[in-house]
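The values are calculated or read from the model by the stated rules, or taken from the named source; none is laboratory data. All figures in this text were calculated on a predicted structure; none of them were measured in a lab. Here Cβ is always computed from backbone atoms with ideal geometry, including for glycine, and neighbour counts include all displayed protein chains.
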Amino acid sequence: MQRLPLSGFALILSLFLSPPGFADQVETVFEKSVEKTLSLNYLLSLPDDYDPADEKKVWPLVVFLHGAGERGNDLDKVKIHGPPMLVEQGRSFPFILVSPQCPEGEWWTEQPVVELIDHLEKTHRINPQKIYLTGLSMGGYGTWYFATRAPERFAAIAPICGGGVPYQMRWIKHLPVWAFHGDKDTAVPVEESTRLIAALKQQGNQNAKITVYPGVGHNSWSEAYNTEELYQWLLSQTNESANISVSF
């Protein structure tokens with residue numbers, strides 16, 4: 001029996017291990033243009049003295065994100081809790097309040113909330129240095145999410161009984177945060193909030209705090225949104241890096 005030289009054997013082995021044309025990694029790119037229509041139904045509440053013709057005055061904007069139970073295509077459901085409920089009861093706020101509705105079966109992370117804010121800045125006299133985000137439960141998670149997605153857009157956030165990713169807190173280490181949670185919450189454990197505040201403090205955020213309500217379950221939002229200090233605190237925060245010019 002004739003034996004192959006060692007070099008011939010290595011050549012045959014290499015053909016099996018590295019078929020021709022597949023030995024190297026090739027740099028490639030996938031690219032496809034996709035047209036998509038962005039849409040969100042929302043409630044809009046303007047201050048009593050809001051005047052679109054007054055070019056000298058701009059207003060703070062508060063964006064409220066509801067919880068999972070208020071999803072759908074009926075905006076009356078958004079009025080069940082939080083600031084929209086207070087407006088429905090006759091409360092007047094010194095800011096523009098916008099309360100979008102997440103479609104049934106979807107999550108805030110899938111929704112064009114930042115794009116909605118872009119639209120509102122083009123259509124209303126909004127102070128870009130005073131844009132605030134708050135939400136409860138699923139909306140609390142959404143508040144943390146959009147703050148880390150677009151940290152340059154907000155002056156402060158107030159997430160209620162929500163949660164997020166501790167690693168991402170490094171992206172909002174400059175942002176004032178006031179979180180709220182009940183210590184008896186079985187739907188979203190209080191640790192979901194406390195660990196994020198702890199992560200922010202580890203990042204050097206001196207403007208991060210949390211109020212934990214003793215003996216309170218998942219509904220920590222009723223007391224939080226009835227706390228006048230919350231609104232005073234929000235409006236006292238300013239995003240100095242935002243461009244103050246307004247035109248539409």
Of those in region 60-116 that are of a type in the set (Gly, Ala, Ser) and part of a loop (DSSP other than H, G, I, E, B), the residue surrounded by the most Cβ atoms within 10 Å (Cβ to Cβ) is Gly67
Of (1) buried (at least 20 other Cβ atoms within 10 Å of the Cβ); (2) at pLDDT below 95, Ser245 fails just (1)
Scanning region 10-63 for residues that are closer than 28 Å to Pro84 by Cβ and basic (Lys, Arg), the one modelled with the lowest pLDDT turns out to be Lys36
Restricting region 161-181 to residues that are within 17 Å of Asn219 (Cα to Cα) and more than 12 Å from the chain's Cα centre (by Cα), the one surrounded by the most Cβ atoms within 10 Å (Cβ to Cβ) turns out to be Cys161
Test Leu97 against the stated conditions and say whether it is farther than 23 Å from Met169 by Cβ, touching a Ser or Thr at 6+ places or on another chain (Cβ under 7 Å), of a type outside the set (Lys, Arg) and without any contact (Cβ under 8 Å) to a residue 60 or more places away in the chain.
yes
Residues of region 117-137 being assigned to a strand (DSSP E or B) and of a type outside the set (S, T, N, Q), in sequence order, are Ile126, Pro128, Lys130, Ile131, Tyr132, Leu133, Gly135, Leu136
Here the residues within region 178-215 that are among the β-branched types (Val, Ile, Thr) and either in contact with a His (Cβ under 9 Å, 6 or more places away or on another chain) or closer than 19 Å to Gly67 by Cβ (or both) are Thr186, Val188, Val190, Thr194, Ile210, Thr211, Val212
Residue pairs qualifying under the 6 Å Cβ cut-off, at least six apart or on distinct chains, with the first in region 57-70 being more than 15 Å from Tyr132 (Cα to Cα) and the second being surrounded by 20 or more Cβ atoms within 10 Å (Cβ to Cβ), are Gly67/Leu136; Gly67/Ser137; Gly67/Met138; Gly67/Gly139; Ala68/Met138; Glu70/Val78
Heads up, the strands (runs of 3 or more DSSP E) in region 138-227 (entirely inside) with at least 2 residues that are out of contact with any Ser or Thr (no Cβ under 8 Å at 6 or more places or on another chain) are 208-213
Within region 40-59, residues surrounded by fewer than 19 Cβ atoms within 10 Å (Cβ to Cβ), in contact with a strand residue (DSSP E or B) (Cβ under 6 Å, 6 or more places away or on another chain) and of a type in the set (Ser, Thr, Tyr) come out as Tyr42
Counting only residues in region 135-160 that are within 18 Å of Gly204 (Cα to Cα) and in contact (Cβ under 8 Å) with a residue 40 or more places away in the chain, the one nearest to the chain's Cα centre (by Cα) is identified as Trp144
